Structures are given as structure tokens and as C-alpha cells.
Amino acid sequence: MMNTDNGLRVGLVSDTHGLLRPEARAFLIGCDYIVHGGDVGDPKILEDLAAMAPLIAVRGNNDSAPWAARLRQTELMRVGNIFVYVIHDLGQLDIDPRAAGVRVVVSGHSHKPSVEERDGILYVNPGSCGPRRFKLPISIGEIVVSGSAVNARIVNLITRVH
């Protein structure tokens, strides 16, 4: 049953690179949808996520194994009254989101979490919740859609560097 009282909750993950942390799983419990922004690394991660909620996933630049051929480079999904466009590398954005009626663009690739609104479009990169890269945070994100309103946030899953 979908949680329509407080809006639709969409969990955002990217750059798992073969590691789906327990903290990420815990954060995603109760999501109405899950979006994976690419660089999955292991098809088992997609199976695990799809068992939690309807899943949309795109192929990242490191998803070159045969199993990843079924993933598309981009996906367009409707959540409530808005459209969400998913692409791994924002630098390869191949549409004009505003002209296409897209309200949110979800990406990954950089491992740098960000939420930024430009020209009426919300750009969300949940960062990476897989293996730590350099000193970048281990993070995950979500959007909550209520009608045509969207709120986004990033959550750091692990605050200390091991």
C-alpha cells in the first residue's frame, strides 16, 4: 500500500559499485519507489532493491558486464503528478528537462551528493552509498512528491571515516 498521506517517497541511490550497505537498506524501508542512478556493480543489488519497492535503474559507465545490458542509459518515470528523469552522468544530459516537462533529474557518477534547483528543475545526486572514494561522504537521498510539490534531501549514512 502506498503512503499517500505524506506524499510518495522515492529512495535515491547511486554508485553502489557492488556494495549495498545495511545502512542504505534501512533507509530505503518504506519507500514507494527506489531509483538507482547507475554504477550498480552487481545484479544482486538490483534484485535486493526491487524486492523492497518498484525499482528504476540506469546503467553507469562501470556497468559493462553482460547482465547490465538490460539497463537503459536513461529512464523517465512519473511519480504522482511529476516526471523524474534518471541518467548516470549529468554531463551527458540529452534532453531539455524543462521542455520535456521533467521536474526532477536524478544522476550519480560524481559520488558528490547535491540538491540544486535551476530554472525550475530540481537536480539531485544522492552521492555514493557503495565503497568510499577519496574523502567523499557515504550518502543516499530521497525525494518526497506531494501532488506537484517536491522536496529532496541527502542523508549521510556514515559520518566517520574508517
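Put 34, 56 in order of accessible area, largest first, 1.4 Å probe: what do you get?
Largest accessible area first, the list is 56, 34.
Give the residue list of chymotrypsin sites (Phe, Trp or Tyr not before Pro) in region 60-162 that are DSSP loop and have at most 16 other beta-carbon atoms within 10 angstrom.
For chymotrypsin sites (Phe, Trp or Tyr not before Pro) across region 60-162 that sit outside H, G, I, E and B with at most 16 neighbouring Cβ atoms in 10 Å, the list reads 134.
Check residue 42: other-chain or 5+ apart residues with amide H under 5 Å from its amide H, H built from backbone geometry?
Hits under the 5 Å cutoff: 18.
Roughly how much of residue 49 is accessible, in Å² to the nearest 10, using a 1.4 Å probe?
About 0 Å², rounded to the nearest 10.
Trypsin sites (Lys or Arg not before Pro), restricted to region 108-162: which are DSSP loop and have at most 13 other Cβ atoms within 10 Å?
For trypsin sites (Lys or Arg not before Pro) across region 108-162 that sit outside H, G, I, E and B with at most 13 neighbouring Cβ atoms in 10 Å, the list reads 135, 160.
Treating only the Cβ atoms of Lys and Arg (+1) and Asp and Glu (-1) as charged, compute the dipole magnitude of region 1-98 about its Cα centre; round to the nearest 20 debye.
With Lys and Arg at +1 and Asp and Glu at -1, about 160 debye.
Counting DSSP beta bridges in the chain, what percent are antiparallel, to the nearest 5?
60 percent
Please compute the Kirkwood hydrodynamic radius over the chain, one decimal place, Å, based on all pairs of different Cα atoms.
Evaluated on the chain, it is 15.5 Å.
List the residues, sorted by chain then number, that are 5 or more residues from residue 57 or on another chain and whose placed amide H is less than 5 Å from its amide H.
Counting only residues 5 or more places away or on other chains, the set is 36.
The values are calculated or read from the model by the stated rules, or taken from the named source; none is laboratory data. All values reported here derive from a predicted model rather than from experimental measurement. A quick note on method: Cβ atoms are made from the backbone with ideal geometry, for glycine too, and the neighbour counts reach across all protein chains shown. Heavy atoms of the whole protein, side chains included, go into the accessibility calculation; ligands, DNA and RNA do not. Shrake-Rupley method; radii C 1.70, N 1.55, O 1.52, S 1.80 Å.
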